[in-house]
Amino acid sequence: QVQLVESGGGLVQAGGSLRLSCAASGRTFSSYDMGWFRQAPGKEREFVAGISWSGGSTRYVDSVKGRFTISRDNAKNTVYLQMNSLKPEDTAVYYCAANYHKYSDLGRDYDYWGQGTQVTVSS
């Protein structure tokens, strides 16, 4: 089992920044590829960013490329999502998730999920 707890969400004005954190406990964190997803009201869950178990590979949905950066610190069992130049359309509940060596952008490939943290971007 892997337990994931997100933090760092909040209310920010358009153009501002937030850094989300996801703290993991349980089995060996460094064995898992990690991802961030988001879900806005009335919309389907969307992949945002992913990072391989080593941190050597990252991927992003087109709408956040150049603005968001995913990173991880395996010594601290934590994955981060730095979000810059935020837009109102980034408003959503953000979830971190873990999968075992699938490095996927599909939610169904992820085995463990956090409870989510709300990000609201005002215009």
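In the context of the full set of protein chains, the chain has a per residue accessible area of 50 Å² (1.4 Å probe). Fully extending the segment from Q13 to D111 would add 32.0 nm, taking 0.36 nm per residue of separation and subtracting the current Cα-Cα distance.
Scattering from region 59-102 was approximated by placing one identical point on each alpha carbon and applying the Debye formula without solvent; log10 I(q)/I(0) at 0.18, 0.31 1/Å stands at -0.66, -1.30. Normalising the average separation of contacting C-alpha pairs (under 8 angstrom, six or more residues apart) by the number of residues puts the relative contact order of region 1-94 at 32 percent. Given a 1.4 angstrom probe, I'd like the percentage of the accessible area of the chain that is carbon and sulfur, rounded to a whole number. That share works out to 45 percent. Sparse packing (at most 12 other Cβ atoms within 10 Å of the Cβ) combined with a DSSP loop state is found for the following GluC sites (Glu not before Pro) in region 18-89: E44. For the pair A75 and V5, the difference between a 0.36 nm per residue extended length and the Cα-Cα distance amounts to 23.6 nm. Taking amide H as placed 1.01 Å from N in the peptide plane, the amide H of K87 sits under 5 Å from that of G15, each at least 5 places away or on another chain.
For region 1-74, applying the loop criterion from DSSP together with a ceiling of 11 other beta carbons within 10 Å to the trypsin sites (Lys or Arg not before Pro) yields K43, K65.
In the frame of its principal axes, the chain has Cα extents of 40, 28, 23 Å, reported largest first.
Local charge for M83 was computed over the other residues whose Cβ lies under 9 Å away, with Lys and Arg +1 and Asp and Glu -1, and equals +1. Over what distance in Å are the Cα centres of region 1-66 and region 82-123 separated? Here the two parts' Cα centres lie 4 Å apart. Residues D73, D62 ordered from highest to lowest accessible area at a 1.4 Å probe: D62, D73. On the principal axes of its alpha-carbon atoms, region 13-59 has extents of 35, 24, 21 Å, going from largest to smallest.
The values are calculated or read from the model by the stated rules, or taken from the named source; none is laboratory data. All figures in this text were calculated on a predicted structure; none of them were measured in a lab. Here Cβ is always computed from backbone atoms with ideal geometry, including for glycine, and neighbour counts include all displayed protein chains. In case anyone asks, the SASA skips ligands and DNA or RNA and just uses the protein heavy atoms, side chains included. Shrake-Rupley method; radii C 1.70, N 1.55, O 1.52, S 1.80 Å.
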